[in-house]
Every structure is written in C-alpha cells, then in structure tokens.
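Okay, structure first, notes after.
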Amino acid sequence: MKAFEGSYLGDNDKINDDTCMECKICHYVYKPEKGDEYWQIQVNTPFSQLPEHWHCPNCDALQEQFMIIDRSDL
C-alpha cells in the first residue's frame, strides 16, 4: 500500500493527543476537543484513544483511512 503525505495508517506514534484527523474519503474532521456525538465519544478524547470499532461517522471509513492535518488548515 502506497502512503501519501499525512497518512496515519494506524500509527499512533505519528500523532499527539490534540491532533485533528481528516477522513481521506469524505473529509470529515475529527477534533478531540469536540469528541463525536454519533459514536458517543466524550469531549477531549484523543484520536489514538478511540475504540477499535469507531469508524468515520459520515462514510464509515476505518480509522486507518484518516490523515493527519495541521490545525492551521482548519
């Protein structure tokens, strides 16, 4: 599998607790400070601490399909 810049690929060593992640399929942005109401993820839950069953709430993409994004791009 060829990786592209910003690929997460399940490597938690690449992210911090406040890292925002963007789905590369539908562009949904997971922001730890907001959590995820759809999956009942509490506010301030880092992406690395999401349960294994968590998928993108918009398109159902797996966590590995998310990209690391710079907060200045938000």
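Okay, here's what the table says:
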{"item": "Rough spin-label spacing in nm, given labels placed 7 Å along Cα→Cβ, for residue 44 and residue 17", "result": "0.8"}
{"item": "14 Å beta-carbon shell around residue 63, net charge (K/R +1, D/E -1)", "result": "-4"}
{"item": "Under the Karplus curve 6.51 cos²θ - 1.76 cosθ + 1.60, θ = phi - 60°, whole-Hz ³J(HN,Hα) for the range 43-52, x wherever Gly or Pro sits", "result": "4, 6, 8, x, 4, 5, 9, 5, x, 4"}
{"item": "Built amide H within the under 5 Å cut-off of residue 41, gap 5+", "result": "36"}
{"item": "Mean Cβ neighbour count within 10 Å, used as a protection proxy, ranking 29-35, 18-24 highest first", "result": "18-24, 29-35"}
{"item": "Candidate aspartates and glutamates - alpha carbon under 12 Å from residue 31, same-chain residues fewer than 8 apart omitted", "result": "17, 18, 22, 70"}
{"item": "Normalised per residue, the volume of the convex hull around the Cα set of the chain (Å³)", "result": "91"}
{"item": "About the Cα centre, charge dipole magnitude for the chain (Lys/Arg +1, Asp/Glu -1 at Cβ), debye", "result": "120"}
{"item": "Long-range amide H partners of residue 67 with built H, under 5 Å", "result": "22, 23, 24"}
{"item": "Cβ-Cβ FRET estimate between residue 34 and residue 60, R0 fixed at 22 Å, reported to 0.05", "result": "0.70"}
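Values quoted throughout were computed directly from the atomic coordinates according to the rules given, and no laboratory measurement underlies them. Keep in mind that what you see is a predicted model, and the values were worked out from it rather than measured. When we count neighbours, we look across all protein chains shown, and the Cβ atoms used for this are built from the backbone with ideal geometry, even at glycine.
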